[in-house]
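These notes are about the structure you will find just below.
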Amino acid sequence: MRSRLTAIAILAILLNLPLAAMAAGEVNIYSYRQPYLLEPLLDAFTRKTGIEANVVFARNGLAERLQREGRNSPADLVMTVDIARLNELVERDLTEAVTTATLEQDIPASLRHPEGKWYGLTSRARLIFAAKDRVEPGEITTYEELADPKWKGRICTRSGKHPYNVALFASMIAHHGEAKAQQWLQGLKDNLARRPQGGDRDQIVAIAEGVCDIALGNSYYYGKMLEDENQRAAAESVNLIFPNAGGRGTHINISGMALTHSAPNRDNAIKLMEYLTTPEAQTIYATVNYEYPANPEVPPSDVVAGWGTLHPDDLPLNTIAENREAAVKMVDRVNYDN
Ligand SMILES: [Fe+2]
């Protein structure tokens, strides 16, 4: 044992590596989140623990890949956005339940799986954006009012099938029941200025171009548009509305993480999970993409805080996941996209 440690120490000196890095091992992450979002976090984690963090990034197909690799998968942790993707991992039985005192204390129950099969790390609010020059402040304050005939021909959204809208519609089902939610969705569809198309940012651009007066979109896109000189003017033409802030709260979705079944570096993965919920990591992760830290002890960045106060709907994200399928069928029944 002793001679092995000496050998590692000599090797570390020869390779000019910190001794901790050689002894502490590694952790492997499959990520739907872009590498630039994770890099600052993982660098800080490695500096603290010596554990090397390796990332495989993909836009699609990580669940299929995990399933194909089975017990031989090198992946320890999946990092992703959207409750639908986290839920997909659970439904395919690819995630391992893990609970620790730190994780349970740092992440509110509504933002984690009841058995610890996934944890939220950041949240994003689904906002209403409204033309500054055509919509009075206070004229619309809730999602429910999107179905009010006074908005006929004045609303833009992306596809009703997109996971961000599906999650919002699932929350409407959870709050109002399926019949009322469908009535609402039909009303929203009847108010659309054009066939659903593009991404959330395109709806804000459409407001700036006068195509519509209000739109649905995720909060961080507003920050990204202000950063982009080609989109800044469009962003500056809208007001941000936090729907239902005075009542049940604004619908949020999450980015999150899940431990895999196969995790060859399970202990290191749990160390990383716990690190990601600390105030230090939460601040880094939320700030880089204009999101809200899941840890309630950690405030959002000054820029994000300047947009208004988020009172999140405290409907458990797991309930939204459970209503997802019903929401997709409802979108089909009202033929939302056509
Ligand atoms: Fe997005």
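The values are calculated or read from the model by the stated rules, or taken from the named source; none is laboratory data. What you see is a predicted model; the values in this text were computed from it and never measured. Here the Cβ positions follow ideal geometry from the backbone for every residue, glycine too, while neighbour counts run over all protein chains shown.
Scanning the range 114-124 for residues that are outside any strand (DSSP E or B) and either farther than 22 Å from L37 by Cβ or within 16 Å of the ligand (Cβ to nearest atom) (or both) yields a count of 4.
Pairs are defined by a Cβ separation below 9 Å, a sequence spacing of at least 6 or placement on different chains, a first member in the range 166-177 that is within 15 Å of N253 (Cα to Cα) and at pLDDT 95 or above, and a second member that is in a helix (DSSP H, G or I) and of a type in the set (S, T, Y); the pairs so defined are A170/T319; S171/T319; A174/T319.
Quick one: would you say I241 is away from the ligand (no atom under 16 Å from the Cβ), touching a strand residue (DSSP E or B) at 6+ places or on another chain (Cβ under 8 Å) and more than 30 Å from R68 (Cα to Cα)? Step through it out loud before you land on a result.
Values: away from the ligand (no atom under 16 Å from the Cβ): yes; touching a strand residue (DSSP E or B) at 6+ places or on another chain (Cβ under 8 Å): yes; more than 30 Å from R68 (Cα to Cα): yes.
Yes: the conditions hold for I241.
Of the residues making up the range 152-174, those that are under 16 Å from G217 (Cβ atoms) and more than 20 Å from the chain's Cα centre (by Cα) are R154, I155, C156. Filtered by the rule that a residue be surrounded by 15 or more Cβ atoms within 10 Å (Cβ to Cβ), of a type outside the set (S, T, N, Q) and touching a strand residue (DSSP E or B) at 6+ places or on another chain (Cβ under 7 Å), the range 189-200 gives L192, A193, D200. Against the numbered list (1) farther than 29 Å from T95 by Cβ; (2) small (G, A, S); (3) crowded, with 22+ Cβ neighbours inside 10 Å, A286 comes up short only at (1).
Being more than 17 Å from the chain's Cα centre (by Cα), in a loop (DSSP other than H, G, I, E, B) and without any contact (Cβ under 8 Å) to a residue 12 or more places away in the chain is not true of E145.
Exactly one residue among P296, P279, P312 is surrounded by fewer than 23 Cβ atoms within 10 Å (Cβ to Cβ), under 15 Å from the mean Cα position of the chain (by Cα) and modelled with pLDDT of 95 or more, and that residue is P312.
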